[in-house]
């Protein structure tokens, strides 16, 4: 039931909005009209998208919670979607959708959300974790366990990382890998390139596969279970996949249209935020309201990113160095802006100008790019696409405070380049909302 909970939740959203819209068009309205033949049809689709994104952003339906939390979260998700479309209508100055639909849908959806949470497992459900046995001479066990613990796409435990020689059969022990696999009660076998080149290891892996266990290459395990590409594989695979913005023109054009639409909505939020930020700066963050910094964009073009300033001014600007998560240069009011992510709002101007996309690899400063390009010849691939306000590396890894963090995030950025699609883009937007709301989970 857990697998069907999310599709059911989304189908319920579609059914509620479309059903109420059709009922209003035929029964409630003073004069009946064609629902699909008016501008309201398009806006109802927009409302559906808002409700889906807010539901995902609030962690519905798969994040485990108590029954009380399920109800509160369901109310919050439905109300946020209704509030968002109401704000759009307020600024547009027109009733894009009937109030019967705007407020009726959340009333219907709250119990539906709660039901879908129950179908997804509800509070206290036991999460089944895959038990992985890894055969590799190159993988760092500590780093791999850290990557698995951070934010896996599938719940996983790395039981053991063994060298290829320990998995190969010898005269005394013909099937050491199969015996170890059974002893550890593993159900997932992961093989690196060296292990795949060993006839003994492959023969034992084939036996385990026939018995119903799953077998994956190291690269596929990182992709499917961790949502990243291993660093030692990046150069080898850097040319072996299509990139949406480069190889699918229709995707790139439509993505730009969506960017402009979302940035236009963001301008409304920016207009509301500016007076509040100006007041906060006067009280507790004296100095310029905005902060501009050079960043490297698509095709290596340098642009100036725009943010609300969160640090103390340094000789008219901020020091040009890595920013730590709890950087002492951040002012108390700046910390509030960062925690709420309001400091990022001015970047909607960069999106409108074409410097940024809503979703993409986060742009870095030019001198960091130069350093990393010298160490990683394939690093520049991330500049084939427009950088983003948010991205897969941001929602999976978080803050990059030094060069090692930047290299770690690159593994997630290559995953995004390899899988770039509207589905992944909207997942990232939803997870960004979860991050802003303080939610966790996939």
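The values are calculated or read from the model by the stated rules, or taken from the named source; none is laboratory data. These numbers come from a predicted model, not from an experiment. Here the Cβ positions follow ideal geometry from the backbone for every residue, glycine too, while neighbour counts run over all protein chains shown.
General remarks:
- Applying the condition of being outside any strand (DSSP E or B) and touching a helix residue (DSSP H, G or I) at 6+ places or on another chain (Cβ under 6 Å) to region 300-319 and asking which residue is modelled with the lowest pLDDT yields 310.
- From 60, 51, 9, 45, residue being surrounded by fewer than 17 Cβ atoms within 10 Å (Cβ to Cβ) and within 23 Å of the chain's Cα centre (by Cα): 45
- Any hit, region 161-173, residues being closer than 29 Å to residue 431 by Cβ, in contact with a helix residue (DSSP H, G or I) (Cβ under 9 Å, 6 or more places away or on another chain) and not in a helix (DSSP H, G or I): yes
- Among the residues examined, residue 92 does not qualify as at pLDDT 85 or above and out of contact with any helix residue (DSSP H, G or I) (no Cβ under 7 Å at 6 or more places or on another chain).
- A single member of 216, 256, 185 is closer than 30 Å to residue 406 by Cα and not in a helix (DSSP H, G or I), and it is 216.
- Selected residue [in contact (Cβ under 8 Å) with a residue 24 or more places away in the chain, in the same structural domain as residue 145 (by TED's automatic domain parsing) and outside any loop (DSSP other than H, G, I, E, B)] from 201, 283, 267: 201
- Residue match in region 423-441 (condition: at pLDDT 85 or above and over 19 Å from the mean Cα position of the chain (by Cα)): no
- Reported count of residues in region 334-362, each being surrounded by fewer than 17 Cβ atoms within 10 Å (Cβ to Cβ) and touching a helix residue (DSSP H, G or I) at 6+ places or on another chain (Cβ under 7 Å), is 2.
- Tallying residues that are closer than 19 Å to residue 241 by Cα, over 14 Å from the mean Cα position of the chain (by Cα) and either assigned by TED's automatic domain parsing to the domain that holds residue 150 or assigned to a helix (DSSP H, G or I) (or both) within region 382-410 yields 4.
- Region 387-407 - residue that is over 26 Å from residue 266 (Cα atoms) and in contact (Cβ under 8 Å) with a residue 12 or more places away in the chain and, of those, surrounded by the fewest Cβ atoms within 10 Å (Cβ to Cβ): 402
- Of all the criteria given as (1) within 25 Å of residue 284 (Cα to Cα); (2) surrounded by fewer than 22 Cβ atoms within 10 Å (Cβ to Cβ); (3) modelled with pLDDT of 85 or more, the one not satisfied by residue 327 is (3).
- Lone qualifier among 190, 237, 173, 158 - being surrounded by fewer than 16 Cβ atoms within 10 Å (Cβ to Cβ), touching a residue at least 12 places away in the same chain (Cβ under 8 Å) and not assigned by TED's automatic domain parsing to the domain that holds residue 380: 237
- Selected residue (only one of 118, 70 is closer than 18 Å to residue 6 by Cβ, within 30 Å of the chain's Cα centre (by Cα), surrounded by fewer than 17 Cβ atoms within 10 Å (Cβ to Cβ) and touching a residue at least 40 places away in the same chain (Cβ under 8 Å)): 118
- Test: residue in region 363-381 that is outside any helix (DSSP H, G or I), out of contact with any helix residue (DSSP H, G or I) (no Cβ under 6 Å at 6 or more places or on another chain) and modelled with pLDDT under 90: yes
- Those residues of region 295-312 which are exposed (fewer than 14 other Cβ atoms within 10 Å of the Cβ) and in contact (Cβ under 8 Å) with a residue 60 or more places away in the chain, in sequence order: 299, 300, 302
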